[in-house]
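The values are calculated or read from the model by the stated rules, or taken from the named source; none is laboratory data. A quick note: this is a predicted structure, and the numbers were derived from the prediction, not measured. Quick reminder, even Gly has a Cβ in these numbers, built from the backbone with ideal geometry, and neighbours come from all protein chains shown.
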Amino acid sequence: MSNVVELQGVTFSYGSVEILHAIDLAVEDGEFLVVLGPSGSGKTTILRLIGGFLTPSGGCITLDGQDIAHVPINRRPFNTVFQDYALFPHMTAEENVGYGLAVRGVRKPEIRERVKRTLELVALGDLGRRYPAQLSGGQQQRVALARAIICEPRLILLDEPLGALDAELRRQMQRFLKSLQREIRTTFLFITHDQEEAVTMADRICVMRDGRIEQIGTPGHVYYFPNSEYVARFFGDNNVIPGRMSTTGPGLPAVETPFGRFHADRRVSDMGDGAAVMMVVRPEVTQIAPAPDVSNRMRARVREVGFVGPVTQLFLDPLAAAGGPPLMVKLPSSVNGPRVVVGEEVEIGWNAHDAHLVRA
Amino acid sequence: MATAEATLARQDTGERVMRALLTALAYGAPLLFILVPLLLFVLQSFFYVENTDIVHRFTLANYVRFFSEATFIPIFFYTCLLSLGAALITVVLAYPVALLLASLSGRIKYALTLVFIVPLLMSYIIKIYAIRSILGGNGFLNRMLIGIGLIDQPITFLIFNLYAVMITLALILLPFTMLPIFITLDKIPRQLIDASYDLGATGWQTFRRVILPLSLSGTLVGASFTFVLGLGDFVTPQMVGGMNGLTFGRIIYSQFGFAFNWPFGAALSVILLIFVAFVLLLAGRVFMRGSATS
Amino acid sequence: MRLSGPAITALSAIAVFVVLLLYGPLAVAIFFSFFRLERNAVAWDSFSFDAYSTLFHNDAILDSLLTTLVVGLSAVALSLVFGTLIAFHYRNSRSRLRHVLQFVVFLPFLMPPIITGLSLLIFFRETNVQRSLLTVVIGHTVFVLAIVYQIVLTRLRALKPSLIDASLDLGASRWQTFRLVIMPNLTSAFVSAAILAFALSFDETLITLLVTGTKNTLPMWLWSSMRLGFKPDINALVTLILFFSTVLAFVAMRLFRPASRT
């Protein structure tokens, strides 16, 4: 797959503060790339740099291999869906959508035709005559989307576009955006701080932290194989157990932790014995009363049981070193309630191949 | 128990009386000093003068006189043109400055805005005085020009005519026009400008299609400020208009001084008031349409 | 909003021109409060404060200045009281009449000043009130009332109703709520309204001209003496007024700025 846009060693400073540090990022043709990070991580800056709203302090941004540092915003074949939509209040939905064509001097009948088609594509066929103020949040969102796709840009930049919508509408729009992207086969660069949204929508996720890229990969990869404690914790609810490498000889690498000695199936490259590591275990693969062949096991006391719909969350204090943060186990919920009660002592465990090591 | 209830009840009536009193005051003062005078003033326009006394009897003679005598309608007409001219000049000068101010940010914006706002708080009469002291026959400009030998006689076309009135009004009222223009321009979200460029528009296209339409309402408010204030002014025309600077405002004023025909002056003012109301309503309509969509 | 280089250059040129237009005449007045024209040329060696000392010995000017201050302060006080009262009424009442009331309050601001002045003139004559300083104060109050009302109302609207609910919920009476919660939040609005009202009153000419008695305010005095010609002491006065109004404008702007934070 070829790359549409590439960032090479791009830095951005505001005054004396460096907001982005040497970013390398390649946006592949036709992909749905989600840039994920908390506010202040630099994700919106990346979008604004690509869009041309900001000029990089260093490095270069290329489009099809050509440096576009000096191409002004209005000449870049990218269109943006703004966080607050930025619809022109004095134009109808139709006029908003047709704006990009009109300023390029496209003839009126053609504009009308293409606007009609695009509005139908975003399921707003009959609302074209309305002003933005007469449309609901979700409808405004679709107008903004239609306005961005009508010029058939090489790349569509979406700046947390779903942030203002309520949960149900948000899920609807997520599915809609995905299907729209498949239909028009354009590259999407989507900014969000919501890890669930990122996992749902992305072909690839780029996790940002403090102006650096922490990890890039498919949602499955980033979810199951975080390459740092930060990413592991950002994807919510991982159990992260600190320890030291203590392998000797061949076989599975082992980690010495306050709760005992556990095995993982892969070691972190270039990590010798005694190096500080974190063992990351997803709560849904952690078992209560594990099968006999499960190698990593410990005893723990149930601190809290929480019913959250499809799953039930258990928080457990390991007996070996009480007082630390509890471990979490997610079980499928059952109409009969959980199998354990608060205060009960149970054995928990997980397979070596479900344990993932990251540098501490 | 009974006394407590009685106290409560008394407090309640006390509060109610207080409330009624305050409400009466809130309505009473504006009614007495704004509405009643205005009604009396309209009423006055239907009276007439005999010798030097105002006869409190109904007549339409004052209005008939306005429409029948040849002098008043032309004066009214060119006073309108004059105020319109002043409004146009202020818009032409104020809009670019407001645009520049709105495009700035931080300390420079604040400082420069202040530069253009301060004249708003500067004395009106002083500004007329200063302008007159420059343009006048014995003024600074003429004396300097004579001094360096460019002219022998003072130039007279600079002052004491309607152009001088129009230019002076424009200079005085410029900040009034600028302020509402600046406010509407400054309120345009930056995102909209970004979106326009993002969609491929050039700077000029962005101005024509986004900035200008969105600032039209403020521009209209500013221009109508100047227009209305220009229409009714009688001091500026007197100070810089001289004998040739007869405007509608001066004619009205002279009815209350020199000519001593209050009812006729009132009638002329009522005509002015109706016209102003009409202009403001029209402007308000456009303004509402501008803001209803945002 | 971002502008291209050439656009900024063009706009800046216009802005410089406008600054010259706005300040040029004033600069000339200031200049001639220190220098004299002799034989149609600036006498550069004539720098002196003579004009200022003449000014301070001119009782008529000082007297009119005092009158202006008295009128301004009275109008500010009256318009604050009534403007606040009307703003509270508009905020709290559900009566339809309050819209009419608001319209009436705005009238003197919307109409050309000549009409406000004339209607008061006729009103005072019909009610046999002699024109005096009192009629001037009423004229000024009527004129600045709309500004005071608007500023106070805007701040009242910005006050969250929950603030008042919270105060009542915590056991305060209506009067206590008014005194302890509402008034402190209005202070800066009062100050800005007072400054603006005073500035408007200080400068008011057209209404004053119609309702004034024998005692002159400063603009009246300027107006009558300007017809006689230009004297250096008027330039000196102009310089002083410009200085103080600039200071006042700075103070007002400083006050308006924090208001946008709340």
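Kindly indicate which of C:LEU107, C:LEU159, C:LEU118 is without any contact (Cβ under 8 Å) to a residue 40 or more places away in the chain and buried (at least 18 other Cβ atoms within 10 Å of the Cβ).
Details: C:LEU159 fails: buried (at least 18 other Cβ atoms within 10 Å of the Cβ); C:LEU118 fails: without any contact (Cβ under 8 Å) to a residue 40 or more places away in the chain.
Just a single option satisfies the conditions, and that option is C:LEU107.
Please work out which residue is nearest to the other protein chains (Cβ to nearest Cβ), limiting yourself to the range B:85-113 and to residues that are surrounded by fewer than 19 Cβ atoms within 10 Å (Cβ to Cβ) and at pLDDT 95 or above.
Narrowing the range B:85-113 to residues surrounded by fewer than 19 Cβ atoms within 10 Å (Cβ to Cβ): B:88, B:92, B:103-112.
Imposing the further condition that a residue be at pLDDT 95 or above reduces the set to B:88, B:92.
Details: B:LEU88: 15, B:VAL92: 9 Å.
Taking the candidates together, the pick is B:VAL92.
Consider A:SER39 carefully, then state whether it is of a type in the set (Gly, Ala, Ser), at pLDDT below 90 and under 21 Å from A:ALA198 (Cα atoms). Quick ask: steps written out before the conclusion?
Details: of a type in the set (Gly, Ala, Ser): yes; at pLDDT below 90: yes; under 21 Å from A:ALA198 (Cα atoms): yes.
The answer is yes for A:SER39.
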For the range C:7-56, the count of residues that are within 11 Å of chain B (Cβ to nearest Cβ) and acidic (Asp, Glu) equals 1
So B:TYR253 fits all but one of (1) more than 15 Å from the chain's Cα centre (by Cα); (2) away from chain C (no Cβ under 11 Å); (3) of a type in the set (Ser, Thr, Tyr); what number is the exception? (2)
Filter the range C:64-78 down to residues that are under 12 Å from the mean Cα position of the chain (by Cα) and buried (at least 19 other Cβ atoms within 10 Å of the Cβ), then give me how many there are. 5
Of everything in the range B:141-163, what is outside any loop (DSSP other than H, G, I, E, B), modelled with pLDDT under 80 and closer than 26 Å to B:GLY230 by Cα? Give them in sequence order. B:LEU141
Sole miss for A:PHE88 among (1) modelled with pLDDT of 90 or more; (2) out of contact with any helix residue (DSSP H, G or I) (no Cβ under 7 Å at 6 or more places or on another chain) is condition (2)
Please go through the range B:183-193 and pick out each residue that is crowded, with 18+ Cβ neighbours inside 10 Å and under 22 Å from the mean Cα position of the chain (by Cα). B:THR184, B:LEU185
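Considering only the range C:89-107, how many residues are more than 8 Å from chain B (Cβ to nearest Cβ) and part of a helix (DSSP H, G or I)?
Here is the first cut: in the range C:89-107, the residues more than 8 Å from chain B (Cβ to nearest Cβ) are C:90-92, C:94-96, C:98-100, C:102-103, C:106.
Checking the rest, the ones that are also part of a helix (DSSP H, G or I) come to C:90-92, C:98-100, C:102-103, C:106.
Number satisfying all stated conditions: 9.
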Some residue of the range A:104-113 being at negative phi and small (Gly, Ala, Ser): no
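Just to be sure before I move on: is B:VAL221 among the β-branched types (Val, Ile, Thr) and within 10 Å of another protein chain (Cβ to nearest Cβ) in the structure I sent?
Numbers: among the β-branched types (Val, Ile, Thr): yes; within 10 Å of another protein chain (Cβ to nearest Cβ): no.
No; evaluated as a whole, the condition is false for this residue.
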Top-ranked residue in the range B:231-250 [being more than 11 Å from chain C (Cβ to nearest Cβ) and small (Gly, Ala, Ser); ranked as farthest from the chain's Cα centre (by Cα)]: B:GLY242
Out of B:PRO175, B:PRO180, B:PRO213, report the one residue that is in a helix (DSSP H, G or I) and surrounded by fewer than 22 Cβ atoms within 10 Å (Cβ to Cβ). B:PRO213
Selection status of B:PHE116, surrounded by 18 or more Cβ atoms within 10 Å (Cβ to Cβ), farther than 23 Å from C:ALA199 by Cα and not acidic (Asp, Glu): no
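When you scan the range C:46-62, how many residues do you find that are surrounded by fewer than 20 Cβ atoms within 10 Å (Cβ to Cβ), within 28 Å of C:LEU134 (Cβ to Cβ) and in contact (Cβ under 8 Å) with a residue 60 or more places away in the chain?
Filtering the range C:46-62 for residues surrounded by fewer than 20 Cβ atoms within 10 Å (Cβ to Cβ) gives C:46-50, C:52-54, C:56-60, C:62.
Still in the running and within 28 Å of C:LEU134 (Cβ to Cβ): C:58-60, C:62.
Within this subset, residues satisfying the condition of being in contact (Cβ under 8 Å) with a residue 60 or more places away in the chain are C:58, C:60.
Within the range C:46-62, residues that are surrounded by fewer than 20 Cβ atoms within 10 Å (Cβ to Cβ), within 28 Å of C:LEU134 (Cβ to Cβ) and in contact (Cβ under 8 Å) with a residue 60 or more places away in the chain number 2.
Within the range A:155-176, is there a residue that is polar (S, T, N, Q), at negative phi and in contact (Cβ under 8 Å) with a residue 40 or more places away in the chain?
no
Is there a residue being in contact with a strand residue (DSSP E or B) (Cβ under 7 Å, 6 or more places away or on another chain), at pLDDT below 85 and either crowded, with 17+ Cβ neighbours inside 10 Å or over 19 Å from A:TYR224 (Cα atoms) (or both) anywhere in the range A:276-283? Quick ask: steps written out before the conclusion?
Going through the range A:276-283, the residues in contact with a strand residue (DSSP E or B) (Cβ under 7 Å, 6 or more places away or on another chain) turn out to be A:276-281, A:283.
Adding the requirement that they be at pLDDT below 85 leaves none.
There is no residue in the range A:276-283 that is in contact with a strand residue (DSSP E or B) (Cβ under 7 Å, 6 or more places away or on another chain), at pLDDT below 85 and either crowded, with 17+ Cβ neighbours inside 10 Å or over 19 Å from A:TYR224 (Cα atoms) (or both).
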When the range C:147-156 is checked residue by residue, the ones that are surrounded by fewer than 24 Cβ atoms within 10 Å (Cβ to Cβ) and either in contact with a Phe, Trp or Tyr (Cβ under 6 Å, 6 or more places away or on another chain) or aliphatic (A, V, I, L, M) (or both) are C:ILE147, C:LEU153, C:LEU156
Of the residues in the range B:194-210, those that are surrounded by fewer than 21 Cβ atoms within 10 Å (Cβ to Cβ) and within 11 Å of chain C (Cβ to nearest Cβ) come to B:THR202, B:GLY203, B:TRP204, B:PHE207
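Checking the condition assigned to a helix (DSSP H, G or I) and either over 28 Å from the mean Cα position of the chain (by Cα) or more than 23 Å from C:TRP221 (Cβ to Cβ) (or both), which residue from C:LEU21, C:LEU55, C:LEU26 passes? Full working, then the answer.
Details: C:LEU55 fails: either over 28 Å from the mean Cα position of the chain (by Cα) or more than 23 Å from C:TRP221 (Cβ to Cβ) (or both); C:LEU26 fails: either over 28 Å from the mean Cα position of the chain (by Cα) or more than 23 Å from C:TRP221 (Cβ to Cβ) (or both).
Exactly one residue qualifies, and that residue is C:LEU21.
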Criterion first (among the polar types (S, T, N, Q) and either under 30 Å from C:ASP233 (Cα atoms) or in a loop (DSSP other than H, G, I, E, B) (or both)) does C:THR67 satisfy it? yes
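Select from the range C:122-137 the residues that are surrounded by fewer than 24 Cβ atoms within 10 Å (Cβ to Cβ) and within 7 Å of chain B (Cβ to nearest Cβ) and write down the one among them that is nearest to B:GLY230 (Cα to Cα). Spell out the reasoning first.
Of all residues in the range C:122-137, those surrounded by fewer than 24 Cβ atoms within 10 Å (Cβ to Cβ) come to C:123-135, C:137.
Filter once more, so that each one left must be within 7 Å of chain B (Cβ to nearest Cβ): C:123, C:126.
Numbers: C:PHE123: 25, C:GLU126: 29 Å.
Among those residues, the one meeting the criterion is C:PHE123.
So that you can scan it fast, the table gives a plain yes or no per residue for (1) touching a Leu at 6+ places or on another chain (Cβ under 8 Å); (2) under 19 Å from A:GLU160 (Cβ atoms); (3) crowded, with 19+ Cβ neighbours inside 10 Å; (4) in contact (Cβ under 8 Å) with a residue 60 or more places away in the chain:
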position: A:LEU20; (1), (2), (3), (4): yes, yes, yes, yes
position: A:ASP29; (1), (2), (3), (4): no, no, no, yes
position: A:THR44; (1), (2), (3), (4): no, yes, yes, yes
position: A:LEU49; (1), (2), (3), (4): yes, yes, yes, no
position: A:GLY65; (1), (2), (3), (4): no, no, no, no
Of the residues in the range B:184-210, those that are touching a residue at least 12 places away in the same chain (Cβ under 8 Å) and part of a helix (DSSP H, G or I) come to B:THR184, B:LEU185, B:ASP186, B:LEU192, B:ILE193, B:SER196, B:THR206, B:ARG209, B:VAL210
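Scan the helices (runs of 4 or more DSSP H) fully inside the range A:67-168 and keep the ones with 2 or more residues being within 27 Å of the chain's Cα centre (by Cα), within 9 Å of chain B (Cβ to nearest Cβ) and not basic (Lys, Arg).
Values: elements: A:93-102, A:108-121, A:137-149.
Those helices (runs of 4 or more DSSP H) span A:137-149.
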